[in-house]
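What follows is calculated from the coordinates using simple rules that are stated; it is not laboratory data. Owing to the predicted nature of the structure, the values given are computational and were not obtained by experimental measurement. Glycine also receives a Cβ, built like all others from the backbone with ideal geometry; neighbour counts cover every protein chain displayed.
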Amino acid sequence: MDRIPRILIVDDDVEIRRLTKTLLQDYGFLVTVAGNGREMAAALNEWHVDLIVLDVLMPGQDGFALCRELRHRSEMPIILLTALREESDRIVGLELGADDYLVKPFNPRELVARIRTILRRARARPIERPQETRFVYGFAGWQLDAGARDLQSPDGTLVTLSAREFSLLLAFLSHPRCALSRDRLADTVRGQDCSPFDRSIDILVSRLRRKLEDSRKEPTLIKTIRGEGYQFCAEVTRRPADAAADTLAL
């Protein structure tokens, strides 16, 4: 028998917490509530949580700050709820790692549908990719130790990658000079058939380009292929972590 998913609702509005909790319980979910970041942390320490519904506009640490902290240590699914309607706010939420974004007021059935969809995709997400993570990749003076998840710049500086940035870079390095569609990249990075928003992969590529010091206007490493997606254009070498380098057959 499948375990019943537990949803954590984080919102400073007592009435919204009550109504959302009742709604999700009526649809068969286990629900825990928190009014701020401190209560959220306590709930996460006490319960195994499958998904967080996180309000953006809260006093103290807002939902964006909490989302950023969560994403630094976990790939737990996050849905942001907010009264903010600007597209720029939605993009900020996605850049911070949210899986979805719902504007208040919302249709309760839509929230339930989005939760079910994200949970289904999370269950299908690959746990590991051992055939790729045994190797050290070299490209344009850079080096990625896929097993250790260490990215080293040409001058020897270690560059920090989020889990999704690492997965995206590994996908490119595993398929050099191949045009990869946004849907395929979304499937690799997020473990799902497609992204909730068309621009989320574009935003992730932009972030990775910045970390690789790849010009946004004239990129040489990750090029946009109009109508197809993206292509990693540098020559890539690959070696086992304890062996000499050998060049990939391109």
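Taking the fewest neighbouring Cβ atoms within 10 Å as the starting point, the ordered list for TYR230, TYR27, TYR101 is TYR27, TYR101, TYR230. Remark: C-alpha extents of the chain on the principal axes read 60, 39, 32 Å, sorted largest to smallest. Report, in deg cm²/dmol and to the nearest 500, the calculated mean residue ellipticity at 222 nm for the chain, where each DSSP H run with n ≥ 4 adds -39500 (n - 2.57) and the sum is divided by the residue count. Calculated at 222 nm, the ellipticity per residue is -11500 deg cm²/dmol. Which of rounded, prolate, oblate describes segment 6-124, given a ≥ b ≥ c as roots of the alpha-carbon gyration tensor eigenvalues and a/c under 1.5 marking rounded, otherwise prolate only if a/b is larger than b/c? It comes out rounded by the Cα gyration axes.
Annotation: lysines with alpha-carbon distance below 24 angstrom to LYS223 (same-chain offsets under eight excluded): LYS211.
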